[in-house]
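Below: the structure, in structure tokens.
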Amino acid sequence: MRASRRRRWWLGGIGLGAIALVTVRYATQRVSWEQPPPPRSTRIHAAPLCPWRDPQADLAATFPQADHWEPETRILSGLRLELARRLGRPVQPDESALRLYRVSAGPAPLGVVMIRRVRGDYGAIEVVVAVDASGKVRAVRLQRLREPEAVMKPLRETEWLGAFRGKSVHDSFHVGGDLPAVPPSARVTAGAIAEGVRSLLILLDIGTSPRALAATHHH
């Protein structure tokens with residue numbers, strides 16, 4: 001009798017233990033299922049390269065004698081301190097390298113073309129800057145912008161865009177100063193374009209220095 005009771009007690013204990021184990025496993029699984037996934041690591045990516053959308057039209061307007069152009073990349077990541085000092089602000093991720101296009105007529109180099117996105121009031125603006133072999137701006141063209149007509153009209157005028165011609169890295173590019181004034185509605189966008197051109201000239205000046213030439217990577 002006692003043996004039978006012990007056996008029932010023992011079997012009952014095993015049953016309760018099994019139930020407890022299943023309950024713990026189920027609870028553990030529920031907790032793991034209900035927990036939110038771990039946050040993804042955040043990485044800062046450089047802005048994508050701005051394409052040169054119409055080389056033929058731009059070259060016809062800026063270097064009409066050109067018969068050849070070739071892309072080139074200059075690595076500037078080792079010159080960030082100098083870049084920040086010259087730019088007067090922190091270096092942006094997409095300024096660790098300078099993408100340019102060497103333009104030539106036969107064996108004679110004519111200059112370079114650089115393209116950059118800047119931020120206007122209503123979205124990105126794509127600026128094309130042609131620079132001659134002496135480092136002076138030959139022309140500035142706006143290949144894409146989303147600003148309303150009241151903003152675009154004064155910025156597309158020959159008087160305003162033409163004021164960039166002949167400027168170099170040593171100019172201030174101040175709207176209302178060495179660049180013509182624009183209506184109040186266009187000031188922010190005009191300032192962004194002017195700063196974009198100035199920044200490209202600084203990047204080009206540093207990128208063609210002897211220190212940068214040693215780290216140049218050609219494509």
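The values are calculated or read from the model by the stated rules, or taken from the named source; none is laboratory data. These figures come from a predicted structure and were not determined experimentally. Glycine also receives a Cβ, built like all others from the backbone with ideal geometry; neighbour counts cover every protein chain displayed.
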For LEU21, indicate whether it is outside any helix (DSSP H, G or I), at pLDDT below 95 and not assigned by TED's automatic domain parsing to the domain that holds ARG119. no
Those residues of the range 194-210 which are of a type in the set (Gly, Ala, Ser) and touching a strand residue (DSSP E or B) at 6+ places or on another chain (Cβ under 7 Å) amount to ALA194, GLY196, GLY207
Sole miss for PRO90 among (1) over 27 Å from PRO55 (Cβ atoms); (2) free of Cβ contacts under 8 Å to residues at least 40 places away in the same chain; (3) surrounded by 13 or more Cβ atoms within 10 Å (Cβ to Cβ) is condition (3)
Would you call LEU81 of a type outside the set (S, T, N, Q), outside any loop (DSSP other than H, G, I, E, B) and either in contact with a helix residue (DSSP H, G or I) (Cβ under 9 Å, 6 or more places away or on another chain) or surrounded by fewer than 16 Cβ atoms within 10 Å (Cβ to Cβ) (or both)? yes
